[in-house]
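Encoded as C-alpha cells, the structure appears first; notes follow it.
Every number here is computed from the coordinates shown, using simple stated rules; none is lab data. What you see is a predicted model; the values in this text were computed from it and never measured.
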Amino acid sequence: MAKKKCPACSQLFAETAVFCPNDGKRLVDDEESPDKFVGLVLDAKYQVERLIGKGGMGNVYEAKHLHMGLPVAVKILHPHLVTDSTAVERFRREARSARTVNHPNAISIMDFGVTSDNVLYLVMELINGISLQEVLKRETTIESSRAVKIMRQVCLAVDVAHQKSIIHRDLKPDNILILDYGKDTEKVKVIDFSIAKMKESGKDPNLTSAGVVVGTPQYISPEQAQGLELDNRSDIYSMGIILYQMLTGNVPFTGKTSAMLLMQHIQAKPKPPREIKPEIPIRLEQSVLRSLSKQAKDRQQSAAVLAQELEEALSNAPAEVPEIKQIPIKEEPKQEKPPPPPPEQKKSFWQRLLSLVFAR
C-alpha cells in the first residue's frame, strides 16, 4: 500500500497523513511504495495501468476503457482530500467546467464518478504530449513565431471558456500541454479547470469568492493578487505572463516570498522584453506589455483580441510609434543694408569741418 514519507526524517506514515508529527514537515509520496491505484478497476469500466503525472489535487493515470478498448487518462483525487469538502467541490467543478468548454485546444472530459469505496475520478482524453513547463525547461526560450502560434491556440480555447462565462484562474505552463512537440504540427491543449469560476452561478464556494487569493503566484493578475472579483481579463494577464516567459526565458516578477511576489504584480512594472531579447518584434513587445497592464481596462478586452494582436504583431506592417510633431523654426528676418545716401546728402571734408566749427 502506498505510504507518505517525511523528507526530513524519512519516516513513513499512512497515505492519509499530511504532516510529520515529529518535525512538522509536509509529507511526500514515498517513491518506493507501490501505487495502490495501479491495477485497480474503477466502476467496472476503467482499468488503471500506470502513473503518468502528479498534481496538488490528484494524480493522473493512463487507463483503458474495458468495454471499448479505448486508452484514456484518469485523474484520481488524492485520498486525503476526499473528506475535504472544498477539494471535492473543486474536483467536481473541474469536471463541469472542462466539459462545458468544447474546443479542439481544450482537454475533453469523458466521465466523472465516485466508486463505492469513495474514490473520486475524472476521465479525460489521453494526451500524448508534454507540458509547456517541460518545454521551457528544455529550451529556456521559444522563438517569437512559435511562441505566438502556441499562445494563439491557448487564446482560442480560453475565449470559448470566456464565452461560456468560465474564467480559468490558473493558467500557467503546467496547464498547457504540447502535442507533436518540436514538429510543425505542434498543437496545444489547455487543461486543469479545477479552480475555474462560472460567473453566472449564484453559488460560489469560498474557494473562488472575493477576498480569497487562488492560483499560482507567478501567474496571477493584480486583481487576483488582491482577492478582488475577477473577469476574463484576469486570464489575459496570466497569458501575458506565459508569453513573456516563452519569449525571454523568465517570468517578469520574482520574489523570496509569495507576499513579495503578489506586491510586484500589483505595483511593479515589468522590464520590456526587448531589453532582454532585442530580436523580439517591437509590436509583439507592445502586445505583451499591454496584456500586463495593472488595470484590467487597459488590457486586451478579450482573448480573441489578444490572439488577433499577436498574429498582426508578426506581420510586416510597421509598428505603431507615437507621432513626433515637428516644431517650426521661426526664421529671423534678413538684415538689409541701408541704401546709400542720395548725392545731395554727401558733403566734402571741408564742409563737415566747417559745420563742426560753427556748431560750437
Revision key, fill the gap. Going through Lys189/Lys269; Lys45/Lys137; Lys172/Lys277; Lys271/Lys297 one by one, the pairs whose alpha carbons sit over 27 Å apart turn out to be Lys189/Lys269; Lys45/Lys137
Point to revise | Distance cut-off 25 Å, percentage of C-alpha pairs in the range 129-313 lying past it | key: 29 percent
Review point. Residue by residue, what Karplus-based ³J(HN,Hα) values in Hz, rounded to whole numbers, does the range 142-149 have, using 6.51, -1.76 and 1.60 with θ = phi - 60° and x for Gly and Pro?
Key: 10, 4, 3, 5, 6, 4, 5, 4
Check your understanding: If you bin the C-alpha pair distances of the range 109-165 every 5 Å from 0, what whole percents do you get?
Key -> 4, 12, 12, 17, 18, 14, 11, 6, 3, 1, 0
Point to revise | Phi to ³J(HN,Hα) by Karplus 6.51 cos²θ - 1.76 cosθ + 1.60 over the range 40-50, Hz, x for Gly, Pro | key: 6, 10, 8, 6, 6, 10, 10, 8, 6, 10, 7
**Study point:** the range 79-135 - Rg and Dmax from Cα coordinates, angstrom
**Key:** 13.3, 39
Exercise for review: Can you bin the range 35-125 into rounded, prolate or oblate? Criterion: square roots of the alpha carbon gyration tensor eigenvalues sorted a ≥ b ≥ c, rounded for a/c under 1.5, prolate for a/b above b/c, oblate for the rest.
Suggested key: oblate
Revision key, fill the gap. Beyond 12 Å, the calculated P(r) of the range 221-261 holds a percent of Cα-Cα pairs equal to 64 percent
